[in-house]
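Student: Have a look at this one.
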Amino acid sequence: MRYGFYTLDVFTDQLFGGNPLAVFPDAEGLTDGQMQKIAAEINYSETVFVLPPVTETGNFRLRIFTPKRELDFAGHPTIGTTYLLGLLQPPSPLVTTTWQLEEPVGLVPVTLHYKQGQLVQTELTVAQLPQTKDSAPSCEDLALLLGLSIDQLQQGEYEPQAYSCGLPFLFIPLINEEALNRISFNPSVWQNLLAGQWADCVYCLAPGDPSLGLSDNKLIHGRMFAPGLGIAEDPATGSGVAALGGYLDDRLDTPGSHHWQIEQGKALGRPSQLQLTVVKDGQGIRAVKVAGRSVLVSEGFMNLGN
């Protein structure tokens, strides 16, 4: 059997930027084991397999695999796959349209934004609002994990804390982008400190303007490390940015629609831009949205024999 696939760069409008993604748009007939082996063979941070929906309201069903395991939810695969499907199976007419994607976390609404008949970007709304639990390790231990001094980590209001919208992340705010660039991640410390914990993906953050609090910045720099998923460092992490919405929301007092640009991937030579929107009212957070652009890179076939 031959299965067609495409590769894209996600959260970028430039070829060879952003986060690479492989998508099999017609994956019927593949077993769980084959999907996992294919994801390991391709060795991108995620590979997506598209299947027919199993609910009345779903448009497509997505299964998302890292080289090591399947995920309940992931941002850049959702954003990039929707962009590809918008090219292969465009809505008619070519106007802004929202599809419902079935993922293990639930139905994920994704909006395809068109401008003058051209697909510009895609935007997901999380199926699961951010939740937090578990206390973070000490700043002393986290400084050791990152190869930094403890005074390069923020504390107080912006202390480390874990959040999840389907995939948990431990957020570690640093004092500035210089500290972010100086990270020397220690996998051995990670193994002893975070392996097997609820949030073992490490997302480090730095304010664009160090004179302002993280939630008051419109630009935030980030780096994400996930050894447990087989990802040494990720150039763009949509599920992490979605969960970041919960971290920032808990530090915001003003209702309304709040927007941030997250820049990631510079350390890997793959700059990425992710747009985060948090909508809250007097009762709390109501919606988290992550948007970005994608670029189609290649297409091909994988031969799996008879």
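Bear in mind that the values in this text are calculations on the coordinates, not laboratory data. The shown structure was predicted, so the numbers you read here are calculated from the model rather than taken from an experiment. All Cβ positions, even for glycine, are placed from backbone atoms using ideal geometry, and neighbour counts span all protein chains on display.
Student: If you consider only alpha-carbon coordinates, what radius of gyration and Dmax does the chain have, in Å?
Tutor: 18.8, 61
Student: Which value at 222 nm does the chain reach when only helices count, each DSSP H run of 4 or more adding -39,500 (n - 2.57), with the total divided by all residues and rounded to the nearest 500 deg cm²/dmol?
Tutor: Only helices count here, giving -5500 deg cm²/dmol.
Student: Considering Cα pairs under 8 angstrom that are at least six residues apart, work out the relative contact order of the stretch 131-291 and quote it in whole percent.
Tutor: Relative contact order here is 18 percent.
Student: Using θ = phi - 60° and the Karplus curve 6.51 cos²θ - 1.76 cosθ + 1.60, what whole-Hz ³J(HN,Hα) does each residue of the stretch 123-132 get, with Gly and Pro shown as x?
Tutor: Values, residue by residue: 9, 9, 10, 5, 7, 10, 5, x, 10, 10 Hz.
Student: Angle between the Cα long axis of helix 32-42 and the longest principal axis of the chain, 0 to 90 degrees, nearest 10?
Tutor: The angle comes out near 70 degrees.
Student: Neighbour counts of other C-beta atoms within 10 Å: give me His259, His76, His221, His113 arranged from fewest to most.
Tutor: Ascending number of Cβ neighbours within 10 Å: His259, His113, His221, His76.
Student: Restricting the count to DSSP beta bridges whose residues both fall in the chain, what percent are antiparallel, rounded to a multiple of 5?
Tutor: In the chain, DSSP labels about 85 percent of beta bridges as antiparallel.
Student: If you don't mind, another one. Would you mind working out the magnitude of the charge dipole of the chain relative to its Cα centre, with +1 at each Lys and Arg C-beta and -1 at each Asp and Glu C-beta, to the nearest 20 Debye?
Tutor: My answer is approximately 600 debye.
Student: Then there is this: Summing Lys, Arg as +1 and Asp, Glu as -1, what charge do residues with Cβ under 14 Å from the Cβ of Thr7 carry, Thr7 excluded?
Tutor: My count for the surroundings of Thr7 gives -3.
Student: Would you work out which of Phe225, Cys139, Gln116 lies farthest towards the positive end of the dipole of the chain? Charges go on Cβ: Lys and Arg +1, Asp and Glu -1.
Tutor: Farthest towards the positive pole: Gln116.
Student: Using unit Cβ charges (K, R positive; D, E negative) and no other charged atoms, how large, in debye to the nearest 20, is the dipole of the stretch 96-153 about its Cα centre?
Tutor: 360
Student: Which whole-number percent is the relative contact order of the stretch 50-124 (Cα, under 8 Å, 6+ apart)?
Tutor: Here the relative contact order equals 29 percent.
Student: Can you give the direction-averaged projected area of the convex hull of the alpha-carbon atoms in the stretch 131-291, in nm²?
Tutor: That works out to 8.6 nm².
Student: Relative contact order, percent, of the chain when contacts are C-alpha pairs under 8 Å separated by at least 6 residues?
Tutor: Computed value for the chain: 22 percent relative contact order.
Student: Which order do the peptides 157-170, 114-127 come out in when sorted by mean C-beta neighbours inside 10 angstrom, highest first?
Tutor: Peptide ranking by packing, descending: 157-170, 114-127.
Student: Hey, how many Å between the Cα centroid of the stretch 43-97 and the Cα centroid of the stretch 215-265?
Tutor: For the stretch 43-97 versus the stretch 215-265, the Cα centre distance is 21 Å.
Student: Using the Cα centre as the reference, give the magnitude of the dipole from point charges on the C-beta atoms of the stretch 131-291 (Lys, Arg: +1; Asp, Glu: -1; all else neutral), rounded to the nearest 20 debye.
Tutor: Dipole about the Cα centre, nearest 20: 500 debye.
Student: By count of other Cβ within 10 Å, fewest leading, how are Ile183, Ile220 ordered?
Tutor: Fewest-to-most Cβ neighbours within 10 Å comes out as Ile183, Ile220.
Student: Continuing with this model, one more query. What is the fewest-to-most order of Met224, Met302, Met1 by other Cβ atoms lying within 10 Å of their Cβ?
Tutor: Ascending Cβ contact count within 10 Å gives the list Met1, Met302, Met224.
Student: Farthest toward the dipole's positive end in the stretch 16-88, which of Ala22, Asn43, Gly33, given Cβ charges of +1 (Lys, Arg) and -1 (Asp, Glu) about the Cα centre?
Tutor: Asn43
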